[in-house]
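A short worksheet on the structure shown next.
The values are calculated or read from the model by the stated rules, or taken from the named source; none is laboratory data. All values derive from a computational prediction rather than experimental measurement. When we count neighbours, we look across all protein chains shown, and the Cβ atoms used for this are built from the backbone with ideal geometry, even at glycine. Please note that ligands, DNA and RNA were not included when accessible areas were found on the heavy atoms of the full protein model with its side chains. Shrake-Rupley method; radii C 1.70, N 1.55, O 1.52, S 1.80 Å.
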Amino acid sequence: MAAEEKGHIPFAVPDITDREIEAVVRCLKSGWLTTGPVAKEFEKEFSRRMGGGVEAISVNSCTTALQVALKALDVGPGDEVIVPVWTFTATAMSVVHAGARPVLVDVDTVTLNLDPERAAAAVTPRTRAIIPVHFAGLACDMDALRAIADGHNLKIIEDAAHALPATYKGRLIGADSADATAFSFYATKTMTTGEGGMITVADPEIAARCRTLRLHGINRDVFDRYTSASSPWYYEVVAPGFKCNLTDMAAAIGLVQLERLDEMLARRCALRKVYHEAFADLPLELPPDAPEGDIHSWHLYVVKLRPEAPLDRDEFIKAMAAEKIGCSVHFIPLHLHPYWRDSLGVTEADFPNATAAYKRAVSLPFYTAMTDAAVERVTGTVRRLLKRGG
Ligand SMILES: *Cc1c(COP(=O)(O)O)cnc(C)c1O
């Protein structure tokens, strides 16, 4: 890594090989740049990767995937949607843009995933949907959430931005785990297209609505019209759609990344093993593993500093930065952001688990292109900082 050679270890960098670069160049030379044959192929391969039981609809981000899915499932004004407070703002903002109200719910202290008991307690007659986030790549308790959803006739729309490829009870998240699942191909996620996202849906009618909604509410995409001999110019606007289709250039990157997904997962699992072993005796809570037999996709490696650690979280991140090692925090829980605090009228006391976890959580550098030398520098530095005085 060029960045690492300069002595700086970034928090995350994308893993791009010559294969992705060549695929983009081929696409650029093909004469078709926007959504076309490569995006179609990417969707087909993604659906196949999910076991073939769902359709895959490509979009330009996970954020728009959530927006399209909410609209396709008819969530709108007057509705409430349960969202974990421990997430990125996009999860809840997609609900606001649907005209509905996000209801923030606290998370489990260990997994930082939506707590089903608290979710059940947050259900009202207005609740229409739940958006679980599989934090860091560890699947939520989907059986418990499904029971709540079935008991109250709610939809489940997964924010699976971290969860490719993760499994719950042996089945891939996105294969049949929800009414709709939204994936992210943002630059630092487990696979990338630069910017991009995917919706997986089992119901063909909902899938068709998603396809229409992602492109202006038009019932035929440009490529369909281009390749149609009889009426290349005719289309109809049938819904109030968005404009969030994925370009073929991005899909070209995605096809290669999808092929490399298992190889990249193996590297993430190897990194997790090195970190787990190197940090076992430090004053840290290590991230929980998936239950036996399930796959954790290890998008992030988040540790929590124990109260007895010689540094607090902010001091730790500063000390790491002084050693030219980039850390991050996932997440600043939503209730601590001014917009969410003020618009929803929430306070720290409403979310004791998220508030406590936030003060102690750090995301360590964690990416497949990390060199062994960089891994050693991170583990060595963390050990030195946290063993100090102890
Ligand atoms: C990254 C992320 C998103 C947004 O993904 P984009 O593809 O950048 O829109 C949504 N939810 C979570 C939990 C994320 O981490």
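Points to keep in mind about this one:
- The chain: angle of helix 62-72 to the longest principal axis, Cα-based, in degrees nearest 10: 50
- Per residue, the accessible area of segment 63-143 comes to 32 Å², computed with a 1.4 Å probe over protein heavy atoms only.
- Accessible carbon and sulfur surface of segment 18-259 relative to its total accessible area, %, 1.4 Å: 55
- Calculated over segment 215-288: convex hull of Cα atoms, volume per residue (Å³): 159
- Rough spin-label spacing in nm, given labels placed 7 Å along Cα→Cβ, for Lys40 and Ala270: 3.8
- Distance cut-off 30 Å, percentage of C-alpha pairs in segment 18-259 lying past it: 24
- Carbon + sulfur, % of accessible area of segment 290-365 - ligands and nucleic acids excluded, 1.4 Å: 53
- For Arg272, Arg383, the ranking by accessible surface with the largest value first comes to Arg383, Arg272, using a 1.4 Å probe.
- Between helix 261-279 and the chain there is an angle of about 20 degrees, using the helix long axis and the longest principal axis of the Cα atoms.
- Span from the segment 314-382 Cα centroid across to the segment 11-53 one, whole angstrom: 31
- Of all the options Lys29, Lys44, Lys155, the one that moves most in a Gaussian network model of the chain with Cα springs shorter than 10 angstrom is Lys29.
- Violating pairs (Cα-Cα greater than 19 angstrom) within the set Lys6/Lys189; Lys169/Lys304; Lys318/Lys387; Lys318/Lys359; Lys71/Lys243; Lys304/Lys387: Lys6/Lys189; Lys169/Lys304
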